[in-house]
Number of protein chains: 2
Amino acid sequence: MKNVSFKVHQTQGKARTGVLHTPRGDIRTPAFMPVGTAATVKAMMPESVAATGADILLGNTYHLMLRPTAERIERLGGLHKFMNWDKPILTDSGGFQVMSLTGLRKLTEAGVKFKSHIDGSEHNLTPERSMEIQRMLGSDIVMCFDECTPYPATEEVATDSMRMSMRWAQRSKDAFGDRPDHALFGIQQGSTIPHLRQESADALKDIGFDGYAIGGLAVGEGQEAMFDVLDYAPGMLPEDKPRYLMGVGKPDDIVGAVQRGVDMFDCVLPSRSGRTGQAQTRMGAVNMRNARHMDDPRPLDEECACPTCQNYSRAYLHHVHKANEIIASMLLTWHNLHYYQELMQGLRAAIASGTLDDFVAAFHTRRAIGDIPVYG
Amino acid sequence: MKNVSFKVHQTQGKARTGVLHTPRGDIRTPAFMPVGTAATVKAMMPESVAATGADILLGNTYHLMLRPTAERIERLGGLHKFMNWDKPILTDSGGFQVMSLTGLRKLTEAGVKFKSHIDGSEHNLTPERSMEIQRMLGSDIVMCFDECTPYPATEEVATDSMRMSMRWAQRSKDAFGDRPDHALFGIQQGSTIPHLRQESADALKDIGFDGYAIGGLAVGEGQEAMFDVLDYAPGMLPEDKPRYLMGVGKPDDIVGAVQRGVDMFDCVLPSRSGRTGQAQTRMGAVNMRNARHMDDPRPLDEECACPTCQNYSRAYLHHVHKANEIIASMLLTWHNLHYYQELMQGLRAAIASGTLDDFVAAFHTRRAIGDIPVYG
């Protein structure tokens, strides 16, 4: 009996809201997963990540296997204990980061040999090894090891890549074994070619997974091409399982993907952009480095309930960013993650009440107005 | 009627415990003031600084006058509001940092002309300007503008420097004016020469201040020479006013100074060392960069109640420090500031109960044992 289950509570059009249940806690969907690459969501205490409303976060297998190593994390009691986060964790397979090590990796049917970006040491990542690492980490949601097909790709390249990923998906499933408290997600590939997406979806369904990711998007194709794929790809996947769009994205990417039937997201944008002075808000992105904030006593967003907006002026955020103070990263990351979770909560509530169209219209209208400067 | 007052509750030998009352809150003494140079205690949320037990923090006039400027902070409602800290703030005069700008500053009887380390712009700092800046910042405890006599100094240099600081102390008092809700502290100079320390103390007492700092120490003379001065200098200052030893120090410096009658301290050590991986503990300093922590499941200090020690292993602290993660600075700074405040609380309680000698003996014994490695 599997102790991981997914239930769709309401739908509106293709959009769904529900709950993905795991032994470590429920994940309300549509869900956004903050990225905790190296066993920390950068510049955030885990209590603060939870306070933003996150039900789950993502860890990166590639980074953790190299440092501090999966073996060490297992000896220390697993990733949850190590990083002081007791809610669910999803780990990627390591494949995406390894593939991007151009010149430092060799891809074969067996897997990928690569050199560490930290110390140049040699490593081998295969479906079996990825499953072993993710088990040692104690990941609640394990991702299949796959190749993220580069974009653009010829049909031949996309076909070969996808089919190898499907063989790797079977090997991942076999290696994962019987773990009732943990989920294994397959990953659909097929580039932007509908019949390849269908072939991939069918192959994954034949193997059978607890959830299905849509891979190979958000790799440079642009929002229009991504939405074109999302117009059909989610519908190829089982309705009764969660659908996860990997590495997405900007707020408007997420809204469009939710409208198209996606349930889960992850992206470094809110945390990474926070560290470079960029705030994500309902008004769009606001750059706190800009000198116009220097004397602005207003909060970043007057309607935001996050600690940053409750307690600090734009002038302060500008000052601490210019002074390279760590609190600049702390405050902007907190705000950005809060905004993302508030957006997800808004989407969930709108789907539940059948008002998603109004919600999306208001979302776009507010962004079109943008930030309103203070005139002096 | 002055709304700032100091009351000594108990003494043991020369050591005192009491309360410095200000309209923004009481400061329990002996007190340690974390340093918030640029309107932030680095890597800490102000709520976290308060949670460590800090009653007051220190802001740096030099840094704030250059960026974001005192004028801007005043327009924005003062430093407390700007940095979201509603307890008392002490500001230094800017003198110490300006004097250390070797080659970029010119000292005369009027004051100091200098160039900004940020953009090379020219500035002028005088007793009058320092008082103006500290008023604009909204500082609760204002420090006189003085020259921190370099160490070592000939008697002639030390005499001239001290006497100019005393003339500046009078100018500071005159410029400070009548501000019943704010305190002005004088600063004793005189290097390591007893009769100069006496002359300085007498000059300051003639002018009359709300508190008295012992300046010109912790500038390279070493603990032994510092304690030699502290054997007599505090006793030259009024018993009914707080005594503040500027820029001190290491935990054992503080303990020795409290035994010699000092009430207030500030130092960047707990925050700065936290950012370089050094933990301050009752066992002494522990370097988290050391590879011996790599597999250590123990907390930094098993007897410490801070969030870092409650929730994280040494292995985690080592990992995030090696990975240059911001949380490494956050967690170690929090621990270090917690340790310092716990030390101050221990000193206050020991003086109150007449057990200071036992407390100090236990303090030194535990440090002599040092950290106990796990053998495997």
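Laboratory data are not the source of any read-out in this text; all were calculated from the coordinates shown. Here the structure is a predicted model, which means the values were calculated and not measured. Here Cβ is always computed from backbone atoms with ideal geometry, including for glycine, and neighbour counts include all displayed protein chains.
One table, with the values for the structure above:
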item	result
Other-copy label distances relative to B:E156, 7 angstrom Cα-Cβ extension, nm	9.1
Most positive-pole-ward Cα, A:V262, A:A361, B:G370, against dipole of the protein assembly as shown from beta carbon charges	B:G370
Residue exposure sequence - B:R282, B:R298, A:R348 - by fewest surrounding Cβ within 10 Å	B:R298, B:R282, A:R348
Within the range B:45-153, percent of DSSP bridges classed antiparallel, to nearest 5	60 percent
Largest to smallest principal axis extent of the C-alpha atoms in the protein assembly as shown, angstrom	92, 66, 45
Peptide ranges B:363-369, B:113-119 listed from the most packed, as the mean C-beta count within 10 angstrom indicates	B:113-119, B:363-369
Of B:P299, B:S200, B:F32, farthest towards positive along the dipole that unit charges on Lys, Arg, Asp, Glu beta carbons give chain B	B:P299
Shielding by other protein chains, B:57-69, mean Cβ within 10 Å	1
Set of aspartates and glutamates near B:K113 by C-alpha distance (under 15 Å), chain-local residues within fewer than 8 positions excluded	B:E122, B:E128, B:D146, B:E147
DSSP bridge pairs, the protein assembly as shown: antiparallel proportion in percent, nearest 5	50 percent
Dipole magnitude (debye, nearest 20) for the range A:165-305, charges at Cβ of Lys, Arg, Asp, Glu	440 debye
Percent antiparallel among DSSP beta bridges (both partners in chain A, rounded to 5)	50 percent
Equivalent ellipsoid dimensions for the range A:161-299 as semi-axes, Å, which come from the Cα gyration tensor, largest first	35, 17, 13
Mean separation of Cα contacts under 8 Å (6+ apart) over length of the range B:274-369, as relative contact order %	32 percent
Percentage, to the nearest whole number, of Cα pairs in the range A:322-362 over 11 Å apart	68 percent
Mean ellipticity per residue at 222 nm, deg cm²/dmol - from DSSP H runs of n ≥ 4 across chain B, formula -39500 (n - 2.57)	-12000 deg cm²/dmol
Loop-exposed GluC sites (Glu not before Pro) per DSSP, neighbour cap 10 Cβ within 10 angstrom, longest uninterrupted part of chain A	A:110-301
For the axis carrying chain B to chain A: nearest C-beta residue of B, whole Å	B:I326, 3
Share of pairwise Cα separations in the range B:143-182, more than 16 Å, in percent	43 percent
Long pairs among A:K42/A:K81; B:K87/B:K173; B:K14/B:K241; A:K7/A:K241; B:K81/B:K241; A:K42/B:K87, criterion Cα-Cα beyond 19 Å	B:K87/B:K173; B:K81/B:K241; A:K42/B:K87
Percent of Cα pairs exceeding the 24 Å cut-off, where the set is the range A:5-266	44 percent
Euclidean distance between Cα centres, the range A:311-352 to the range A:138-204, Å	34 Å
Dimensionless Rg/Rh of the range B:128-206 - Kirkwood Rh, Rg from C-alpha atoms	1.02
Per-copy distances of the A:E109 label point, shortest first, in nm (7 angstrom along Cα→Cβ)	9.4
Spatial separation of Cα centroids for the range B:215-275 and the range A:249-284, in angstrom	51 Å
Inter-chain Cβ neighbour average for residues A:325-335, partner chain, 10 Å	4
At 7 Å out from Cα toward Cβ: A:T69 inter-copy label distances (nm, ascending)	5.6
Residue-averaged beta-carbon neighbours from other chains (10 angstrom radius) around A:202-208	0
Percentage relative contact order, chain B, counting C-alpha pairs under 8 Å, at least six apart	17 percent
Net charge dipole size for the range A:5-266 [Lys, Arg +1 and Asp, Glu -1 on Cβ; Debye, nearest 20]	580 debye
Convex hull per residue volume in Å³, alpha carbons only, for the range B:33-149	102 Å³
Angle in degrees between helix B:356-369 and the longest Cα principal axis of chain B, rounded to the nearest 10	50 degrees
Base-10 log of normalised Debye intensity for the range A:274-369 (one unit scatterer per alpha-carbon) at q = 0.17 Å⁻¹	-0.72
